Amino acid sequence: MLRSRFNMPSHEELVKRMDAIPDHVLRECPICHSTFFSLRAGSSKTCPNCGYGFRITAKRRAKITFDSFKEIDAQMTVPKQYTDEKYVAKVKKAKKVTGINESVLTGIGTLGQQQVGVGIMDPFFVMGSLGSATGEKITRLFEEATRKKLPVVMFTASGGARMQEGIHSLMQMAKVSGAVEEHSRAGLFYVVVLCDPTTGGVTASFAMQGDVILAEPHALVGFAGRRVIEQTIMQKPPKDFQSAETVMKHGFIDAIVPRKEMNQTLTRLISLHTKENVYGK
Amino acid sequence: MANKTAYERVKAARRPDKITTAQLIHGLTSEFFEQHGDRLEADDQAIIGGIGLLNDKPITVVGIQKGTDTDENIARHFGSPTPEGYRKALRLMKQAEKFHRPILALVNTPGAWPDVESEYHGQGSAVAQNIIQGMQLRVPYVTIIVGEGGSGGALALSCGDRVFMFEDSIYSVLSPEGYASIMWKDSSKVQEAAEELKLTPEALLKDGIIDKIIHEYKPGDDLSSLRDFLDQEFSTLAKLPIDELVERRNQRYRNF
């Protein structure tokens, strides 16, 4: 009798009902594969089950992380010398999706009362790849922070070098490194937050040069990609070999910080580095 | 040979009978003393490093060595350094700084070694440290790209005052195979990739990425002209006050 009252709908009927749910209502976490109502991810866009921070635009991150934020070098973009049609179209689309003109958003923000230099890479801008203008913006950010004696907070999210800009992309790794070093020599604090994904040339330069290196839960962090390893040396990497947790276990990350606690943690770290150091005098 | 296509240049850069890093060290220096180990955990044989005399003046050499046969290739993992290799190189470069020896880096690598172990040992971090610390070394630092200059794995030893390339060498953001695979999802389009990457010494010289093209030396060739050339370069660089040397070096990379 019960059976008749709670009739199991047919497979076709179930598929039909699922299809009727708009795409944006439900969301699946790529890490723990739990499905949940999108609204539950909240403004921080975090998986309610495992804490993974979904990939978000740089603009959104600036908004949810800092108490205030003012952009610099907003107009800087891909140099005109790159005329390849496909590339130009890709960049145009990226600008529309992200609302910024290069793969990094830079500016001066505040955490509590403290001013900080801010860099936020945008994974939706040509995979957050390191173009010439990306490198230039980050370099200028460090130079500005050095002049103003400000700490720098950098959120990395990048597929690595930007293939379309060839060797000039590679040279950005050195250029940015020079500016990081000058900032460091001025005794200023640099904190990196590794976000999903941080790979290739970004990992092999400023992402690994922070005084403190944080990461978001389950962010992918590595140098060579899984496919490169599989295809070059025919080795099959284990599932989580480049998760932030694994990288931390091997000694390259100071702490893993959930997105919701990012503002608080950064504020605390900045304050620990800006308090007068009476013993050092 | 400027009339070679980019792809022919790729093949020439990878020729197995090309002069090796070890042969260059042997021909350029006397009294070479090889040093081993990163003082942390391992000795990566993809990197040969040590002290030798160049025209009777002490220099430090760090170079990436490919194998000449299967056994050597396995031992040196095809000239792709692990993080331990990059850390060994940096250790020796810092030592060169301590003793005021100029540094000669010889690069011939398809790229940093892509395996799981290297990821666990911080390949990205190792390369990042070689770049940032290499740029600040307070001694003349000169690189020759001998064959392949692949990606960050090559840049890790190419952040000095001068970067030279042999005629049959290449330097690029990624191997042409990797580029073809990423851009067109077709790793067989290597020829097109080589063209687009502008990886030849001529293209890179024109682009201001490198300083000079050095004519190709074969195994067994007399290297005295190269030795004198390097001696001259080191002398010129050593005449600059150290602060200015480092400042100019940083400016070089700032301009990219």
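The numbers here are math on the coordinates, done by the rules we state, and not lab data. Quantities reported herein were computed from a predicted structural model and do not represent experimental measurements. Note that each Cβ is placed from the backbone with ideal geometry, even for glycine, and that neighbours are counted across all protein chains shown.
Observations
- Peptide A:176-183 is shielded by partner chain Cβ atoms: per residue, an average of 5 of them sit within 10 Å of its Cβ.
- Span-rule helices in chain A, defined as complete DSSP H runs reaching 27 Å or more along the axis (Cα) with Kyte mean at least -0.5: A:166-185
- Efficiency of FRET from Cβ geometry, B:ARG15 and A:PHE36, R₀ 56 Å, rounded to 0.05: 0.50
- When the listed pairs A:LYS93/B:LYS185; B:LYS18/B:LYS88; A:LYS80/B:LYS66 are checked against a 29 Å cut-off, the alpha-carbon distance exceeds it for A:LYS80/B:LYS66.
- Geometric extent, Cα atoms of chain A - Rg, Dmax (angstrom): 21.2, 85
- Ordering of B:164-172, A:85-93 by packing [mean C-beta count within 10 Å, highest first]: B:164-172, A:85-93
- Nearby aspartates and glutamates by direct alpha-carbon distance to A:LYS59 (threshold 15 angstrom, same-chain neighbours under 8 apart not counted): A:ASP67, A:GLU71, A:ASP73, A:GLU102, A:ASP122
- Per DSSP, loop GluC sites (Glu not before Pro) in the range B:1-77 with at most 12 further Cβ within 10 Å: B:GLU41
- What the phi angles of the range A:207-216 give under the Karplus curve with 6.51, -1.76 and 1.60, with θ = phi - 60°, is a coupling list of 5, 9, 10, x, 5, 10, 10, 9, 8, 7 Hz, glycine and proline written as x.
- Inter-label distance for A:LYS63 and B:GLN191, nm, one decimal - labels placed 7 Å from Cα along Cα-to-Cβ: 5.1 nm
- Remark: spin-label model distance A:GLN113-B:ARG254 equals 3.4 nm, labels positioned 7 Å along the Cα→Cβ axis.
- If you plug the beta carbon distance of A:MET234 and B:LYS218 into 1/(1 + (r/R0)^6) with R0 = 22 Å, you get a FRET efficiency near 0.10.
- Dipole size of the range B:157-224 about its Cα centre, with +1 on Lys/Arg Cβ and -1 on Asp/Glu Cβ: approximately 220 debye, rounded to the nearest 20.
- Protection proxy ranking, highest mean first, for peptides A:199-206, B:137-144: A:199-206, B:137-144, where packing is the per-residue count of other beta-carbon atoms within 10 Å, averaged.
- Cα-Cα separations in the range A:1-106 greater than 22 Å, expressed as whole percent: 58 percent
- Here the relative contact order of the range A:53-275, from alpha carbon pairs under 8 Å that lie six or more residues apart, stands at 16 percent.
- Across the range B:204-213, coupling constants 3J(HN,Hα) worked out from phi with the 6.51/-1.76/1.60 Karplus curve, θ = phi - 60°, read 6, 5, 4, 7, x, 7, 10, 9, 6, 9 Hz, and Gly and Pro carry x.
- Inter-chain shielding of B:245-256 (mean C-beta neighbours from other protein chains, 10 Å cut-off): 4
- Short-range pairs are left out: with C-alpha atoms under 8 Å and at least six residues apart, the relative contact order of chain B is 19 percent.
- Per residue of peptide A:227-239, the mean number of Cβ atoms on other chains within 10 Å of the residue Cβ is 4.
- Partnerless cysteines in the protein assembly as shown, where a partner means another cysteine C-beta under 4.7 angstrom, comprise A:CYS195, B:CYS159.
- More than 45 Å apart - percent of Cα-Cα pairs taken over the protein assembly as shown: 17 percent
- Taking 0.36 nm per residue of separation and subtracting the Cα-Cα distance, full extension of the segment from B:TRP184 to B:GLN95 would add 27.6 nm.
- Ellipticity at 222 nm from helices only: DSSP H runs of n ≥ 4 in the protein assembly as shown, each -39500 (n - 2.57), divided by the residue count, give -11500 deg cm²/dmol.
- Listed residue pairs exceeding 28 Å between alpha carbons, taken from A:LYS96/B:LYS189; A:LYS92/B:LYS189; A:LYS16/A:LYS95; A:LYS45/A:LYS236; B:LYS11/B:LYS239: A:LYS96/B:LYS189; A:LYS16/A:LYS95; A:LYS45/A:LYS236; B:LYS11/B:LYS239
- Global geometry of chain B, whether rounded, prolate or oblate, following the gyration tensor of its Cα atoms and the 1.5 cut on a/c: rounded
- Unit charges on C-beta of K, R, D, E only; dipole of the range B:90-213, Debye: 720 debye
- Cross-link partners of A:LYS249 among aspartates and glutamates, defined as those whose alpha carbon lies under 15 angstrom from its own and excluding same-chain residues fewer than eight positions apart: A:GLU216, A:ASP240, B:GLU117, B:GLU119.
- Efficiency of FRET between A:LYS80 and A:LYS16 - r from beta-carbon atoms, R0 45 angstrom, step 0.05: 0.30
- Span from the the range B:102-121 Cα centroid across to the the range A:50-118 one, whole angstrom: 32 Å
- Which of B:GLY149, A:CYS195, A:ILE100, positive extreme of dipole for the protein assembly as shown (C-beta unit charges): A:ILE100
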